[in-house]
1. Tally up the residues in segment 210-266 that are buried (at least 19 other Cβ atoms within 10 Å of the Cβ), more than 13 Å from the chain's Cα centre (by Cα), of a type in the set (G, A, S) and assigned to a strand (DSSP E or B), please.
2. Has segment 142-149 got any residue that is within 15 Å of L199 (Cα to Cα) and loosely packed, with under 13 Cβ neighbours inside 10 Å?
3. State whether the residues of segment 298-319 include one that is among the aliphatic types (A, V, I, L, M) and free of Cβ contacts under 8 Å to residues at least 40 places away in the same chain.
4. Which residue out of R214, R224 is in contact (Cβ under 8 Å) with a residue 24 or more places away in the chain, touching a Ser or Thr at 6+ places or on another chain (Cβ under 8 Å) and under 30 Å from S440 (Cβ atoms)?
5. Could we say that D147 is in a loop (DSSP other than H, G, I, E, B) and modelled with pLDDT under 95 here?
6. Hey, R397 hits all of (1) modelled with pLDDT of 90 or more; (2) loosely packed, with under 11 Cβ neighbours inside 10 Å; (3) outside the structural domain of S320 (by TED's automatic domain parsing) but one; which does it fall short on?
7. What number of residues in segment 343-382 are part of a strand (DSSP E or B), in contact with a helix residue (DSSP H, G or I) (Cβ under 8 Å, 6 or more places away or on another chain) and among the charged types (D, E, K, R)?
8. Out of the residues in segment 267-319 meeting the condition of being among the aliphatic types (A, V, I, L, M) and in a strand (DSSP E or B), tell me which one is surrounded by the most Cβ atoms within 10 Å (Cβ to Cβ).
Amino acid sequence: MIGSTQGRQIIQVAECNDIRKWPTAACMVCVLLMMVAAASLQAQPTADSGAKTDTSKLTLEDLRNFTDVFNQVRRNYVEEVDDRALLEAAIGGMLADLDPHSSYLPSDEYEDLENSSRGQYVGLGVDVAAENGRIVVKRVIVPSPADTAGIDPGDIITAIDGNMVKGRLLTEAIDDLSGLPGSTVEIAVLDENDDERTLVLKRELVKVPAMSYRLLEGRYGYFRLVYFHRDSATDLKNTLDSIQAEGTQLRGIVLDLRDNPGGVLQPAVEIANGFLDQGNIVSTRGRNASMQMEFSASPGQWLPDAPMVILVDRGSASASEVLAGALQDHKRALIVGEPTFGKGSVQSVLQLRNGAGLKLTTARYYTPSGRSIQATGIQPDILVANEIRVVKRVDERPREADLQRHLDQEPGDLPGSSSESVSAEEDFPLFEALNILRASETLSVNEDGLRSMR
């Protein structure tokens, strides 16, 4: 935005009086920076709004200093460097010095970010990991080119386009598997029987499942959100509708946000709205008026009578923290796990004229109670470490089932006993979350908000 022009300084183009002697690229950089400087001077705040001192303004000497460095690098660096690459590096460096989340996105990275926000990417549909110097398939997305070709989790990718991958960096292998939609890649795959086959796959736009659902103990819904893309709220609502259409009544919900790095903010707000009837969800505050926003809940919950537990850890960030903070402040959900990452800033992604993008931190966000969680995170209501070693104590005392000629259990006496459950050894935080939901079935909330036994 352009502010007051009071006290504006004009940079005279005539200062570059012998422009013909300047290298073309350096001259372009100089003109570009003059435009930036002029815009920054125009945007200086007025005196009554607390104007900054003149030390924050660019001068012609500052611009000359930049072009001097630019020319020294392009002339004397040990290897020849492309002018455009130097300019992009300068832009990237300017943004990198602001904060860890602002960055310049070349056109291919900007396109990848756009696809990611839609829950999709161009590739083969495999998640891979490096194990003992080998590239191992951990997950195959269905449907995808990899699924059609019969690749299974546990298969080992031994070569990509004829190049052996053993000992290579994982990031390099991922880059080789990526490419333009419709392009092909040849991979050699070793299965669990040590049979190797060569496949030629065509890269496609793959839809990445960002949510999974399990029914635990016949009555608790477990929803794992990997990240937030534009359709995350719709996917969750459609899943809940399908569960109800099947006649299943959920007696409690576990929303697992562990290792969820965030993503698009809007679906996190929509999910919070689905579990609230009123009140603020999140507010954002930035320098510009357009970033002063507040999101509020509207009447009509998805499951108003179902108690809710949200699992978090230090990998839960950004939009995950918005959702957890909103439901915690409104006492709609109990937060269980570890303190979260603590990313309390909002990034706006802007497309530039050349097809590249600019990811810029433009605001901070605040929970309904006015908390900023920047660098502090959401503190769980119940602290549970993600990794706990469970030690079973050996108890020699007999139980009824150990006695000779004991009566057998009658069929149907243990409703839901055949349903899927979770042990403490398998996932202790989830095990604790289910304990909380079981306890909530014996509790009710009176008009004073106090819990009493049924």
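The values are calculated or read from the model by the stated rules, or taken from the named source; none is laboratory data. This one's a predicted model, so the numbers in the text were calculated from it and none came from an experiment. Glycine also receives a Cβ, built like all others from the backbone with ideal geometry; neighbour counts cover every protein chain displayed.
1. Of the residues in that region, 2 qualify.
2. From segment 142-149, those within 15 Å of L199 (Cα to Cα) are 144-149; that's our starting set.
If we keep only those that are loosely packed, with under 13 Cβ neighbours inside 10 Å as well, we get none.
No, segment 142-149 has no match at all.
3. no
4. Answer to the selection: R224.
5. Numbers: in a loop (DSSP other than H, G, I, E, B): no; modelled with pLDDT under 95: yes.
Here the answer is no, as D147 does not meet what is asked.
6. (1)
7. The total comes to 1.
8. Residues of segment 267-319 among the aliphatic types (A, V, I, L, M): 268-269, 271-272, 276, 281-282, 289, 291, 293, 297, 303, 306, 308-312, 317, 319.
Filter once more, keeping what is in a strand (DSSP E or B): 281-282, 293, 308-312.
On the way: I281: 24, V282: 24, M293: 15, M308: 20, V309: 27, I310: 29, L311: 26, V312: 32.
My answer is V312.
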